[in-house]
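Any read-out appearing in this document is the output of simple, stated calculations on the displayed coordinates, not a laboratory observation. Small disclaimer: the values here were computed from a predicted structure and weren't measured. In this analysis, Cβ positions are derived from the backbone assuming ideal geometry, glycine residues included, and neighbour counts consider all displayed protein chains.
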Amino acid sequence: MHLNNLRNDEHFQFNTEFRDAINRFGANNLNIESQYDVFLTLYDQEDIALKKIMKSAITVEIQTADKRRDQTYRGMADVLKAALNHFNFSVREAAKRLKIVFDTYGNLAKKPLNEQTSGIYNILQDLNGKYYSDASEVGIIEWMNELQAANEEFDNLMKSRYEESAMKTDLVLKQVRLQIDSAFRDIAERIAALVIIEGADNYVEFIKYINVVIVKYMTIVAQRAGRKKSITN
């Protein structure tokens with residue numbers, strides 16, 4: 001897995017799951033105590049840097065703009081939900097097709113701020129493209145226009161309010177990411193070497209567990225790349 005393809009919040013969450021897995025199986029049992037100590041130090045630094053970025057980027061105006069798009073998205077979803085029980089057959093069928101699109105993206109109003117921005121952009125691309133006639137049939141075009149305006153307002157505020165201190169912290173975060181990625185590889189390479197030297201018995205369950213986590217995040221990256229590709233085509 002290319003860790004640099006993960007977004008900041010995904011990257012930190014991956015490292016959290018990796019940390020939890022080591023705690024579950026025991027760093028001493030895996031013979032990685034010194035390597036794990038280095039990893040934990042960098043993990044704490046990544047956590048601090050990420051929190052500083054989020055804190056400096058969020059202002060009252062941004063919170064208000066985010067609330068606006070949350071309410072708009074939920075309102076649009078409520079209209080779609082009502083349309084599923086519409087007396088008109090064609091409206092119901094259009095709503096069923098749109099529900100598949102909404103279910104694919106999930107509840108965007110609950111996603112992290114930056115992920116929500118990109119998610120709203122992507123779903124609006126779908127609704128204004130292939131599913132425009134269905135959206136018109138269900139009656140959510142005005143909702144879509146309002147959601148686009150709210151999302152653009154939020155995105156512009158984020159860009160204009162991104163303080164210099166946050167930008168400096170972002171540089172620190174990038175450096176920490178490179179260091180903790182190196183620490184992760186050191187642990188992985190040590191375990192791989194120990195498997196060759198000692199055999200796999202003490203490590204196979206940990207490796208299986210981590211592989212499941214890795215596949216999950218590879219899937220997230222692949223799905224995001226797939227959505228971007230479909231938009232550009």
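Could you please report the charge total around LEU108, scoring K, R as +1 and D, E as -1 over all other residues with beta-carbon less than 10 angstrom from its beta-carbon?
+2
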Subset of LYS52/LYS174; LYS110/LYS174; LYS51/LYS174; LYS81/LYS111 violating a 23 Å alpha-carbon distance limit: LYS110/LYS174
From phi via Karplus (6.51, -1.76, 1.60), per-residue ³J(HN,Hα) for the stretch 21-29 in Hz, x at Gly/Pro: 5, 5, 4, 5, 8, x, 4, 5, 5
Where the Cα pairs of the stretch 95-145 fall when distances are cut into 10 Å bins, in %: 25, 58, 17, 0
Estimated 222 nm signal from helices in the chain, with DSSP H stretches of n ≥ 4 weighted -39500 (n - 2.57), rounded to 500: -28500 deg cm²/dmol
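What's the Kirkwood radius of the stretch 60-160 in Å, using all Cα pairs?
13.7
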Solvent-free Debye scattering, log10 I(q)/I(0), computed from the Cα coordinates of the stretch 17-121 at q = 0.22 Å⁻¹: -1.11
Globularity ratio of the chain, using Cα Rg and 2.2 N^0.38 Å: 1.27
³J(HN,Hα) computed for each position of the stretch 80-95 - Karplus, 6.51 cos²θ - 1.76 cosθ + 1.60, integer Hz, glycine/proline x: 4, 4, 5, 5, 5, 10, 5, 5, 8, 4, 5, 5, 4, 5, 5, 5
Using θ = phi - 60° and Karplus 6.51 cos²θ - 1.76 cosθ + 1.60, couplings along the stretch 123-130 (whole Hz; Gly, Pro as x): 5, 5, 4, 5, 5, 7, x, 4
